[in-house]
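Scroll down for the structure; my scribbles are underneath it.
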Amino acid sequence: MARYEINGGRPLTGTVTISGAKNAAVAILPAALLVSGRCRIENVPDISDVRILLNILEGMGAKVELPEPEVVEIDCSDVQRTEPDAELVRQMRASYYLMGALLGRFGKAHVALPGGCNFASRPIDQHIKGFLGLGAQVDETEEYVALEPGEEGLRGNRISLDMASVGATVNIMLAATLIPGQTIIENAAKEPHIVDLANFLNTMGARVSGAGTDTVKIKGVNSLRGGTYAIIPDQIEAGTYLAAVTATGGNVLVRNVIPKHLDCITTKLQEMGAKVVCYDDAVRIIRSEPLRRTTVKTHPYPGFPTDMQAQVCVCMAMANGVSLLTESVYETRFFGYCEELESMGANIKINGKTATVTGVEQLYGATVFAHDLRAGAALVIAGLAAEGTTYVENIHFIERGYENLVEKLTALGADIRRVEDET
Ligand code: EPU
């Protein structure tokens, strides 16, 4: 087992370059299953979720090459298997995108139910509703989902989601791309990675319109051709560095970002006392004044992201006054990390969907446990801002989604090391 050892209390200064978006990469790589030919995908983050996904695709017969850092060349023309390796599938959440991609490509799929971050109950009923709407017959057990064409075959349809689910929107887009007829997704998710997936599919010859609004239209085409595509920068990785500087103080240029994607985050950090300057593809953040309280409620994009809830909570924990943090995407997401922050001296009271965070002057180093990816990132931020030494355990969660976290933070002046257990 490995852990991070952090000696906190140093402001962050310098420049950090943001990697490609995890949640776009984990949708776009399965989308390559729909393509007859070779896809060159650039700006792919080197994180464990991507490595697992590439292993799954290779196991199904995809040819995968990594010709240079952050570039994946993938050719799925020879894929035959419609049942990806169950053990690998259970290691990550987004492996459920194989369902939509395989349904679109082969008209059938047999995919184990996914694992990943279980910070809340994460049903997939809206994905299933989408597959049924496209004419699939669905066999869902506690272990797997099996899909095949229903009696009338697969065809485009109007599908109205009960909630704007990112995963269901992606899965329906993947399935519908090669299914005859027009599919209209109503109440679609609008997150930047939905737009990125649409742009990837369209680059390869698909006919997807409306991505980024709440109505996405997909006109089924016969085939997709290969091509080159670069994944967008990671909104949440960028937000995590912005929150880290807000917590520790300092002055950092965050490069390779789309500033518009960060508006919902920087607005709140500015309210808390950070200064933010936006450039074309970079954002500078400076925090020298004491932190002020604020109120944050998470929402689907373009609202404040649930994936930034834990990181902003750390800033609140050290702000003057009482902050309110409300989660409205998942029924709760405070599980685990708030208790860990309290062991570092934070004062947090949770009442249902709202955490009341009373700022303290100082957090103190402790041994803390990551329970999921973003909660883990928040504990790293807390360790950077705390007085003394923090050990963050369970870092495999963090490594699922943050490329070169230790290297990037070290370059900003942090004192952080990855320590392996001696065995
Ligand atoms: N929901 C349902 N039924 C469904 C699908 C979703 O009830 O069939 C509910 C969920 O329980 C939740 C809400 O709808 O309350 C939104 O869930 P959504 O489907 O949008 O989330 P997701 O697709 O499972 C993606 C990201 C998450 C991120 C959420 C919300 C990926 C691979 N994952 O999850 O990212 O928190 O959207 O923005 O894109 C992370 O990166 O750490 C992460 C967890």
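The values are calculated or read from the model by the stated rules, or taken from the named source; none is laboratory data. Keep in mind that this is a model prediction, so the values were computed, not measured. All Cβ positions, even for glycine, are placed from backbone atoms using ideal geometry, and neighbour counts span all protein chains on display. Side chains included, ligands, DNA and RNA excluded: accessible areas come from the protein's heavy atoms. Shrake-Rupley method; radii C 1.70, N 1.55, O 1.52, S 1.80 Å.
Taking 0.36 nm per residue of sequence separation and subtracting the Cα-Cα distance, how much length would be gained by fully extending the chain between E151 and S343, in nm to one decimal?
Gain on stretching E151 to S343: 63.4 nm.
Please compute the contact order of the chain in relative form: average sequence separation of alpha-carbon pairs under 8 Å and at least six residues apart, divided by the residue count, as a percent.
Relative CO of the chain lands at 21 percent.
Report, in cubic angstrom per residue, the convex hull volume of the C-alpha atoms of the range 93-219.
Considering the Cα atoms of the range 93-219, their hull volume per residue is 93 Å³.
Can you tell me how the chain classifies by the Cα gyration tensor, rounded, prolate or oblate, using a/c under 1.5 as the rounded cut? Show your work: numbers first, answer last.
Working: a/c = 1.87, a/b = 1.76, b/c = 1.06.
Prolate.
How big, on average over all directions, is the shadow cast by the Cα convex hull of the range 1-124, in nm²? Show your work: numbers first, answer last.
Working: hull surface 40.2 nm².
For the range 1-124, the mean projected area of the Cα convex hull comes to 10.1 nm².
Relative contact order of the range 151-309: what whole-number percent is it, with Cα pairs under 8 angstrom and at least 6 residues apart?
So the answer I get is 18 percent.
Going by average Cβ density within 10 Å per residue, which order do the peptides 329-337, 142-150 take, highest to lowest?
Packing proxy ranking, top to bottom: 329-337, 142-150.
Relative to 2.2 N^0.38 Å, what does the C-alpha radius of gyration of the range 65-148 come to as a ratio? Two decimals please.
1.19
Could you state the number of Å between the C-alpha centres of the range 147-204 and the range 260-330?
31 Å
From the protein chains alone at 1.4 Å, what is the descending order of accessible area for C264, C313, largest first?
Per-residue accessible area, sorted high to low, gives C264, C313.
Please give the calculated 222 nm ellipticity per residue for the chain, where each DSSP H segment of at least 4 residues contributes -39500 (n - 2.57) and the sum is spread over every residue; nearest 500 deg cm²/dmol?
-9000 deg cm²/dmol
If I compute solvent accessible area with a 1.4 Å probe over the protein chains, what percent of it on the chain is carbon and sulfur?
Looking at the chain in its full context, I get 47 percent from C and S.
So between T15 and L66, what do we pick up on full extension, going 0.36 nm a residue minus the alpha carbon distance?
Stretched out fully, the T15 to L66 stretch lengthens by 15.7 nm.
So what's the gap between the Cα centers of the range 395-422 and the range 36-77, to the nearest angstrom?
Each part reduced to its Cα centre gives a spacing of 24 Å.
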